[in-house]
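In what follows, a structure is listed as structure tokens, so that the remarks can point back to it.
What follows draws every value from the coordinates through simple rules; no lab data is involved. Predicted, not measured: the structure shown is a model, and the values here were computed from it. Note that each Cβ is placed from the backbone with ideal geometry, even for glycine, and that neighbours are counted across all protein chains shown.
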Amino acid sequence: MILSLNVSKKFSTHNIIFPDIKAQSSDFIQITGASGSGKTTFCEILAKFKTLDTGEIFINNKNINSINVFEHIHYISQFPEHNLLGATCFEELELWINAARPSSLHPDIPRKPNVKDAKNVIYSILNDFSLGNLINMPIWRLSFGQKKALAFCALIIVLRSVWVLDEPLAGLDIDLSEKLNDMIIEFIKKGGIVIVTSHEKNLDFEFTHSNTRIINIELDEPKYTFTHMEREKGWHLEK
Ligand SMILES: Nc1ncnc2c1ncn2[C@@H]1O[C@H](COP(=O)(O)OP(=O)(O)OP(=O)(O)O)[C@@H](O)[C@H]1O
Ligand SMILES: [Mg+2]
């Protein structure tokens with residue numbers, strides 16, 4: 001269970017106040033909002049990449065400040081390179097397999113596999129995401145959508161109870177979108193919680209069996225004014 005209460009984040013220019021969120025097992029929540037409304041900021045606060053200024057977030061009744069959120073939440077950024085650490089597709093998945101705790105490694109994936117087993121299992125996962133023939137490709141050569149697909153492979157390898165996916169469908173082709181849709185349905189069926197962000201006000205995914213909600217972050221338009229001099233100097237904000 002995730003509970004987010006009275007969370008806000010203050011930047012030098014403005015304050016973002018987030019709607020409260022309560023998500024239980026098998027819930028699917030789509031957070032919508034305009035560009036700059038704070039969707040990514042909220043994801044990053046959930047994943048403890050950013051701190052919050054007010055409010056509290058609980059996972060299974062424990063404040064996120066007192067737990068290791070990485071054991072609960074798998075966060076995939078809107079910008080896939082933020083999630084990728086390996087030099088090649090193979091290395092990326094090898095890192096996830098080797099770093100996973102035994103209790104969180106997918107049961108079909110062998111622990112500390114030998115080279116041959118690792119190649120087989122990694123090839124099979126990559127192939128599922130149309131990346132099989134790119135197993136040895138340097139990550140920097142992948143397209144945006146391929147990088148996102150590679151980041152999604154980690155969702156299969158490591159078992160977490162919550163997926164936080166920032167704009168997961170942006171840049172994905174139809175096949176990969178359907179694959180992700182199916183993965184989310186499976187995950188929700190098993191009791192997982194999914195929080196996604198989107199610009200769309202309608203549900204981005206097709207579900208029939210899940211508890212789905214759309215929560216909008218209202219953009220409280222910051223009142224910026226600029227003096228002529230500041231424009232000349234490069235658009236600094238007037239205090
Ligand atoms: N580290 C930071 N310092 C100052 N302002 C920031 C910082 N990070 C984010 N912001 C501001 O917070 C606001 C929300 O940004 P955020 O990236 O969360 O929006 P978003 O809803 O994800 O937008 P998009 O739909 O374009 O991805 C923006 O105005 C952004 O400039
Ligand atoms: Mg964003």
* To do: Sort 143-153, 118-128 for me by packing, meaning the mean count of neighbouring Cβ atoms within 10 Å per residue, highest on top.
  => 143-153, 118-128
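Longer than 30 Å from Cα to Cα, which of K50/K116; K147/K189; K179/K201 are they? Say none if no pair is. Write out the running numbers ahead of the final one.
Details: K50/K116 40 Å; K147/K189 26 Å; K179/K201 22 Å.
Violating the 30 Å Cα-Cα cut-off are K50/K116.
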* To do: Please give the helix 144-157 orientation as an angle from the longest Cα principal axis of the chain, in degrees from 0 to 90, rounded to the nearest 10.
  => 60
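Taking the highest mean first, how do the peptides 34-42, 164-172 order by number of other beta carbon atoms within 10 angstrom per residue? The partial results should precede the final answer.
On the way: 34-42: 19.1, 164-172: 20.7.
Put in order of decreasing packing, that is 164-172, 34-42.
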* Which order, highest average first, do 101-109, 10-18 follow once you tally other Cβ atoms within 10 Å for each residue and take the mean per peptide? -> 10-18, 101-109
* 3J(HN,Hα) from dihedral phi, the range 82-89, Karplus parametrisation 6.51/-1.76/1.60, rounded to Hz, x for glycine, proline -> 5, 9, 9, 10, x, 8, 10, 4
* Structure fact -> Applied in sequence order to the range 164-178, the curve 6.51 cos²θ - 1.76 cosθ + 1.60 (Karplus, θ = phi - 60°) yields integer Hz couplings, x standing for Gly and Pro, of 10, 10, 8, 6, x, 8, 4, x, 9, 7, 4, 4, 5, 4, 5
* List the residues whose amide H sits under 5 Å from the amide H of S26, counting only those 5 or more places along or on another chain, with H placed 1.01 Å from N in the peptide plane. => G191, G192, I193
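Could you compute the longest span of the chain free of GluC sites (Glu not before Pro) located in DSSP loops and having at most 14 other Cβ atoms within 10 Å, not counting the site residues?
1-199
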